[in-house]
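**Student:** For reference, the structure I am asking about is given below.
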Amino acid sequence: MNAHEGDLDTFALATRRVIRFSMGYLVVALLTTGLTLAGVLALKSGAADPLSVGTRAGFLLGGLVAGLAILVCVIGLLVSTVVWIVSAHKVTPTGPGAVGYGGLLLAVLLMTLGHVLTLPTAAAGAMQIVAWLALVTGVLLTRSRIRRLTGRPDLGGRLRPTVTSDDWDASRWDPEVAREIERRGRPTDLR
């Protein structure tokens, strides 16, 4: 398979971004779940007064910050996922394939249900973990398939470019510079 280098690079970058934004989403969702559980336990044990202005303000501010963080992660995840899908279709006709689309669909379904349904907090946290696993599994399996199709093992990360002696040969990349170097010659006295 002969895919355009730019499309492969875009696919590799989008794959990394989908994974990173999904990890950010998972961390924020789990932190929100943990803080909500801690708050509920504090209210039930009597450690926090539910009628106190400070308690209410703390819950309100915590909810706003968590909601904003989840919104940023979801928007980043949405944009990077769209780029990932489009770049996958530019690399291979089937795009992410059944596994990629299946993982994405399951993740979207579980993430949505986790926020819409009124589930116990621990169940909502577990649902977010399963959603993350489905998404990352679909992305990684798609990347693996495209690696096999293209023969490029570097689609998962950045390989350091290898500098060769040809990179320093001015006549290969700019003949005009090579002629100027030859015309001037090498300086013998550097004083």
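The values are calculated or read from the model by the stated rules, or taken from the named source; none is laboratory data. Remember, predicted model here, so these are calculated numbers, not experimental data. Cβ sites come from the backbone with ideal geometry, for glycine too, and all protein chains shown count toward neighbours. With ligands, DNA and RNA removed, areas are computed over all heavy atoms of the protein, side chains included. Shrake-Rupley method; radii C 1.70, N 1.55, O 1.52, S 1.80 Å.
**Student:** Out of all the residues in region 94-102, is one or more part of a helix (DSSP H, G or I), without any contact (Cβ under 8 Å) to a residue 24 or more places away in the chain and farther than 15 Å from L135 by Cα?
**Tutor:** no
**Student:** Could you identify the single residue in L77, L71, L43 that is within 30 Å of L8 (Cβ to Cβ) and of a type in the set (A, V, I, L, M, F, W, C)?
**Tutor:** Within the list L77, L71, L43, the selection yields L77.
**Student:** Out of (1) part of a helix (DSSP H, G or I); (2) surrounded by 14 or more Cβ atoms within 10 Å (Cβ to Cβ), the odd one out for L71 is which?
**Tutor:** (2)
**Student:** Could you grab me the full set of residues in region 39-68 that are hydroxyl-bearing (S, T, Y) and part of a loop (DSSP other than H, G, I, E, B)?
**Tutor:** S52
**Student:** Given (1) in a loop (DSSP other than H, G, I, E, B); (2) under 24 Å from L8 (Cα atoms); (3) in contact with a helix residue (DSSP H, G or I) (Cβ under 9 Å, 6 or more places away or on another chain), where does K90 come up short, assuming only one miss?
**Tutor:** (1)
**Student:** Name the pairs whose Cβ atoms lie under 6 Å apart, with the first residue in region 64-82 and closer than 20 Å to T33 by Cα, the second open to solvent by less than 40 Å² (accessible area, probe 1.4 Å) and among the aliphatic types (A, V, I, L, M), and 6 or more positions between them or separate chains?
**Tutor:** Partner pairs satisfying both residue conditions: A69/V28; I70/V28; C73/V28.
**Student:** Given the residues G46, G24, which is the only one that is within 10 Å of the chain's Cα centre (by Cα) and surrounded by fewer than 18 Cβ atoms within 10 Å (Cβ to Cβ)?
**Tutor:** Result: G24 is the single residue among G46, G24 that is within 10 Å of the chain's Cα centre (by Cα) and surrounded by fewer than 18 Cβ atoms within 10 Å (Cβ to Cβ).
**Student:** Does T137 meet the test of being open to solvent by 50 Å² or more (accessible area, probe 1.4 Å) and at pLDDT 85 or above?
**Tutor:** yes
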